Amino acid sequence: GQVFLYGNSEIFNNCTFNQDSADAYNVWTYGAKDVEFNNCTFNSAGKSVLIYHENASVTNDVSVTGCEFYASSAVDGKAAIEMDSSLQGEIKLTVSNTNANGFGSGNVSGNSLWNNKKGDKTSVYVDGTQVL
């Protein structure tokens, strides 16, 4: 149930992602640059999306619109969307009209929807407001 992304541009419309392991994510953006999730449902055991890349010249631009995140149990310190910009150029996350249910609070953000767990090259926008 864990999907790894590698394309320059990945778009998911009306998809449902399911995984039931607290050790895995629904989606790991690993090699993808630009990713869109539109009206998708994420069912997980506490972690849904990891935005991460190991190339210092890559910028990730990820948008999450009209999505629902459901966790069967909370994972300590993990939000629905986790980010790690420590080895890459930058992450830009834009979230709108999206909810996270049953997730823990991110160990850095204190938020259950998003968490920048490592690195300082991240910007986050939620419903039109920059929150990081």
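The values are calculated or read from the model by the stated rules, or taken from the named source; none is laboratory data. In this text, all values refer to a predicted model and were calculated from it rather than measured experimentally. Cβ placement follows ideal geometry from the backbone for every residue including glycine, while neighbour counts extend to all protein chains displayed. What goes into the accessible areas is simple: the full protein's heavy atoms, side chains included, and nothing from ligands, DNA or RNA. Shrake-Rupley method; radii C 1.70, N 1.55, O 1.52, S 1.80 Å.
Scan the range 82-96 and tell me whether some residue there is of a type in the set (D, E) and more than 24 Å from T129 (Cβ to Cβ). No: zero hits.
Going through the range 102-132 one residue at a time, which ones are at positive phi and surrounded by 15 or more Cβ atoms within 10 Å (Cβ to Cβ)?
Within the range 102-132, the first condition is being at positive phi, and the residues that meet it are 102, 110, 119, 127-128.
G102, G119 - these are the residues of the range 102-132 that are at positive phi and surrounded by 15 or more Cβ atoms within 10 Å (Cβ to Cβ).
Scanning the range 31-41 for residues that are farther than 15 Å from F4 by Cα and in a strand (DSSP E or B) yields N38, T41.
In the range 58-79, the residue that is nearest to T16 (Cα to Cα) out of those that are open to solvent by 10 Å² or more (accessible area, probe 1.4 Å) and out of contact with any Gly (no Cβ under 9 Å at 6 or more places or on another chain) is E68. Do you know which residues across the range 19-57 are in contact with a Leu (Cβ under 7 Å, 6 or more places away or on another chain), open to solvent by 40 Å² or more (accessible area, probe 1.4 Å) and among the hydrophobic types (A, V, I, L, M, F, W, C)? Residues satisfying the conditions are W28, A56. Counting only residues that are open to solvent by 50 Å² or more (accessible area, probe 1.4 Å), farther than 20 Å from V75 by Cβ and not in a loop (DSSP other than H, G, I, E, B), the range 3-15 holds 3 of them.
Exactly one residue among F69, F103 is free of Cβ contacts under 8 Å to residues at least 60 places away in the same chain and more than 11 Å from the chain's Cα centre (by Cα), and that residue is F103.
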